[in-house]
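Worksheet: one structure, shown below.
No lab work stands behind these numbers, since they all come straight from the coordinates. Source: prediction; values computed, not measured. Counting neighbours? That spans all protein chains shown, and the Cβs are built from the backbone with ideal geometry, glycine included.
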Amino acid sequence: MKKIILIGAIALCGAMNAQTKFGVKAGYALSSVNTKIDGVDEEDMDEMDAMSTFYVGALVEHKLTDKFGLQAELLYSPMGAKYSESVGGDKYELKHKLGTLQLPIGAKYYPTESFALTAGLNFGFILSAKEEETWTEDGDSGSETNDIEDTSSLNLAPFIGAEYTLPMGLFFDARYNFGVSNLYNGEFKDEISTKNSFFQIGVGYKF
């Protein structure tokens, strides 16, 4: 019984010393999509360019000690990539947009009180997958939007990053997410690999 009371007291002291903070964050994201097809050289494929986008959401941080903590976030971001070409006065642009609800969960190490290194796993739940085409040809313009079929609903992306927090709670962070999931989920998923990686940099506030 005494051991149980002692363990409970230690746990209670740990909980009292731990710090839990909530916050909000938003920022810029640069998203890229890399597609590989077995038997096809990358030079023979039209390469899609990285697409500038954004993210916005909330977070909770639980500091275990002065040096270590855990953090979970809930973010929304339209991921994807784009392709464009121009010949004379004719222009064509294609955008792949993946409306994604992200749940990054990571560990934090504080070398100093204000600076933290982070690493973890971003669970990306793809809510929508759209293909947007716009074109100008012979002076006429048009656009079309279609659903992207055979898209996986989960994008797993391990990440590494860093964060700097000011005394009043304002913080700045940067993070790179390595897409490891094959987002193509169609008939030829054993031959086609499509992965989404992205860089994020932004600002937030902890209450």
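Laid out as a table, the results:
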| quantity | calculated |
| --- | --- |
| √(5λ) per eigenvalue of the Cα gyration tensor, the range 141-207, largest first, Å | 35, 17, 9 |
| Ellipsoid semi-axes in whole angstrom, largest first, where each is sqrt(5λ) of the Cα gyration tensor of the chain | 42, 19, 14 |
| Which of MET168, MET51 has the fewest Cβ neighbours within 10 Å, and the rest in rising order | MET168, MET51 |
| Angle between the chain longest axis and helix 2-17 axis [Cα atoms, degrees, rounded to 10] | 50 |
| Exposure proxy ranking, count of Cβ atoms within 10 Å, fewest first, for THR20, THR118, THR194, THR100 | THR20, THR118, THR194, THR100 |
| Using a Förster distance of 45 Å, the FRET efficiency for ALA58-GLU191 (Cβ separation, nearest 0.05) | 0.70 |
| Sequence-distant lysines (8 or more away, or on other chains) whose Cα lies within less than 19 Å of LYS21 | LYS63, LYS67, LYS108, LYS206 |
| Computed helical MRE - 222 nm, the chain, DSSP H runs ≥ 4 contributing -39500 (n - 2.57), nearest 500 | -2500 deg cm²/dmol |
| Neighbour net charge for THR151 - beta-carbon separation under 12 angstrom, K R +1, D E -1 | -1 |
| Among SER141, SER193, SER32: highest mean-square fluctuation, GNM of the chain, C-alpha pairs under 10 Å | SER141 |
| Local electrostatic count at GLY161 - Lys and Arg +1, Asp and Glu -1, tallied over other residues with Cβ under 13 Å | 0 |
| GluC sites (Glu not before Pro) within the range 100-136, DSSP loop, no more than 12 other Cβ atoms inside 10 Å | GLU113 |
